[in-house]
Amino acid sequence: MTLYSFILLIHVTAVLILTAALSFEVLSLLYLRGASTAAEARPWLDPVPKLPVFAGAALLVILCSGIYLVTPMSKASQAWPHVAVASLFLMGPFGAITARRMRAVRRAYRSSPALNPELLEQLRDPFLKTSLALRIAVFLGIFLLVSTKPGLWESIGLVGAFAALGLLSSLLAWRRRLP
């Protein structure tokens, strides 16, 4: 096995870990938003301990291994790696803010294990859904970008279109829930 093959294996494994982390986050948010009792919310407050750590580590490994993998083919004409890296940097802050808000929800739940109106409001914070939809959409955009390897403007348009679709889907779903 060559070093390139080994790094590729690590890269793909990190992509799978990030996919799993986003999937758990989708399930958790879905069940938390629908919870009406503390017993319904409890298992979904922290379904996988240290999930944000795994997601952040996977994102870092994807970034580092991805840079290594594209360095040999990276020329001025290859714009997609730069757009992919910039897109990964877009995902990071949204994940960090979401993790901070979910820590606050878990702390509030531990101090008062009943689902009071304030805790329900925190669980149904539209930012959580918007952040998740945006991160998933950008992640899918990066995946398509890496698969097709388009030029600069196509790369920017592709990731931008996926980000817009992610925002639009979360806003439409949020609007549907309004009374």
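Taking each residue as 0.36 nm, the span from Arg107 to Leu140 lengthens on full extension beyond its C-alpha to C-alpha distance by 8.7 nm. A Förster distance of 41 Å, applied to the separation of the beta-carbon atoms of Ile67 and Leu171, puts the FRET efficiency at 0.80. Overall, the chain carries a charge dipole of about 340 debye about its Cα centre when +1 sits on the Cβ of Lys and Arg and -1 on the Cβ of Asp and Glu, all other atoms neutral. Expressed per residue, the C-alpha convex hull volume of the chain stands at 104 Å³.
None of the figures in this text is laboratory data; all of them are computed from the coordinates on show. In this text the structure is predicted, and so the values were computed from the model without any measurement. Heads up, the Cβs are rebuilt from the backbone with ideal geometry, glycines too, and the neighbour counts pull from every protein chain shown.
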